[in-house]
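The values are calculated or read from the model by the stated rules, or taken from the named source; none is laboratory data. Note that this is a predicted model, so its numbers are computed, not measured. Glycine also receives a Cβ, built like all others from the backbone with ideal geometry; neighbour counts cover every protein chain displayed. Ligands, DNA and RNA are stripped out before the accessible areas are found, and what is left, the full protein with its side chains, is counted by its heavy atoms. Shrake-Rupley method; radii C 1.70, N 1.55, O 1.52, S 1.80 Å.
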Amino acid sequence: MAATAPVQPIQPPAYGKLITILSIDGGGVRGIIPGAILRFLESELQKLDGENARIADYFDVITGTSTGGLVTAMLTAPGADNRPLYAAKDIIPFYLENCPKIFPQSSDPLSVIQKPVAGLTGPKYDGKYLHKLVKDKLGDTKLHQTLTNVVIPTFDIKYLQPVIFSSYKLKRDPTKDALLSDICISTSAAPTFLPAHHFETKNEKGETIRSFDLIDGGVCANNPTLVAVSEVSSEMVQQNPDFFAVKPTDYGRFLVISIGTGSAKDEHRYNAESAAKWGMLGWLVNGGSSPLIDTFTQSSGDMVDFHLSVVFQATGSEKNYLRIQHDRLTWDESSVDKSTKENLANLVKAGEALLNKPVSRVNLETGGFEPAQDEGTNKDALVRFANKLSQERKRRLTGSA
């Protein structure tokens, strides 16, 4: 292992050759799956650059929606010595400890009926534990203080439009320099599961400069990869000096890792025959799940993946884009809130098993993921990406010096 040394912050892309992006999908308790992937990636970076290496040291922007937004904050919020609050290896223990308290499970056999019915008149969970946990961990940290750029989507229910909290936009729109805790609570406020979140941003005099009424970013971008790519492309168009001169469509200069939280694409789960009989209740609650939420989160996520796969392939740079997704979870594993000890343990196993599965790309006709030829396993791909990330970081440090 390389000798441990003080770690310098990531230098701007202008000193290197690539723009590096990490994206993490939404998915509630299924955030455990990206935790396993990120733990392996960070361990590979530490083999190359020392045990103090952290994910935030290598990516120009980290983007996450819902549970992915929470992981993004964990990896980028400053802790002791201005280093990331959490290492990637801490994500899974964090979820195992806190998910049962965020999504408490009842031992009452009638809860299978009571919970969905209660969800018709209010959120399934009150969110109090999550709110206190996030505020305690993140404190007064604001968006501008993250250790690398972050992009976290939310949705304003008052104005019916997406609100993207982006480090890149703060110079032009300081009204979005919110507490990181408020952003995390908002992007996690999944409809029917957790309550919407209202908060305000204030100026130096303590005066309100903007108010927000937000829900889960998953309603607009459960897979936020394309949002991050758009943010970076916008900076290029506006000639941000941190970026080298390049066309926004030059995808060969992007290095992107996009991590999904898994899905259960079981052909027996839903079908047109049963869906044709559903009313509002059937679309919202069905077999302990929500077909409506499953539909828009999975469809939007796959469309983003399909678009990026095509664009990277068309520009001859398909190996610069890595999408890691598990599409064969069981019914329980695919739930966003089943926080039993058994299910959480199964999600850990699913994440670890995903490392040994072949690199795959989505087939939009079938919705399934198909192995990519000659690219090995996800673990093999992450080793290659770790080497590219380490080389790019060294290149920038040399160039900036």
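Values computed for the structure shown
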| item | result |
| --- | --- |
| Segments classed as strands (runs of 3 or more DSSP E), wholly inside the range 116-204, with at least 1 members that are touching a strand residue (DSSP E or B) at 6+ places or on another chain (Cβ under 9 Å) and over 22 Å from Thr63 (Cα atoms) | 197-202 |
| Criterion violated by Tyr168 - all others in (1) among the hydroxyl-bearing types (Ser, Thr, Tyr); (2) closer than 23 Å to Ser233 by Cα; (3) open to solvent by 70 Å² or more (accessible area, probe 1.4 Å) satisfied | (3) |
| Matching residues, the range 361-382, being within 29 Å of Gly16 (Cβ to Cβ) and either touching a Leu at 6+ places or on another chain (Cβ under 8 Å) or surrounded by 16 or more Cβ atoms within 10 Å (Cβ to Cβ) (or both) | Arg361, Ala372, Glu375, Thr377, Asn378, Lys379, Ala381, Leu382 |
| First in the range 39-50 and acidic (Asp, Glu), second anywhere and outside any helix (DSSP H, G or I) and surrounded by fewer than 23 Cβ atoms within 10 Å (Cβ to Cβ), Cβ under 6 Å, 6 or more apart | Asp49/Ala2 |
| Subset of the range 171-209 that is open to solvent by 40 Å² or more (accessible area, probe 1.4 Å) and hydrophobic (A, V, I, L, M, F, W, C) - its residue that is farthest from Thr225 (Cα to Cα) | Ile209 |
| Failed condition for Phe244, given (1) surrounded by 14 or more Cβ atoms within 10 Å (Cβ to Cβ); (2) farther than 15 Å from Ile19 by Cβ; (3) aromatic (Phe, Trp, Tyr) | (2) |
| For Val310: the one exception among (1) in contact (Cβ under 8 Å) with a residue 24 or more places away in the chain; (2) not acidic (Asp, Glu); (3) not in a loop (DSSP other than H, G, I, E, B) | (1) |
| Subset of the range 171-202 (residues that are more than 19 Å from the chain's Cα centre (by Cα), at pLDDT below 95, over 26 Å from Gln238 (Cα atoms) and not charged (D, E, K, R)) | Thr192 |
| Any hit, the range 372-386, residues being assigned to a loop (DSSP other than H, G, I, E, B), more than 23 Å from Val311 (Cβ to Cβ) and among the polar types (S, T, N, Q) | no |
| Selection status of Leu38, over 19 Å from Ile259 (Cβ atoms) and assigned to a helix (DSSP H, G or I) | no |
| Selection from the range 319-343 of residues that are open to solvent by 60 Å² or more (accessible area, probe 1.4 Å), assigned to a helix (DSSP H, G or I) and either touching a strand residue (DSSP E or B) at 6+ places or on another chain (Cβ under 8 Å) or in contact (Cβ under 8 Å) with a residue 12 or more places away in the chain (or both) | Lys319, Lys341 |
| Test: residue in the range 220-229 that is in contact with a Lys or Arg (Cβ under 7 Å, 6 or more places away or on another chain), buried (at least 20 other Cβ atoms within 10 Å of the Cβ) and under 22 Å from Val151 (Cβ atoms) | no |
| Qualifying residue in the range 290-312 (condition: open to solvent by 20 Å² or more (accessible area, probe 1.4 Å) and closer than 25 Å to Ala14 by Cα) | yes |
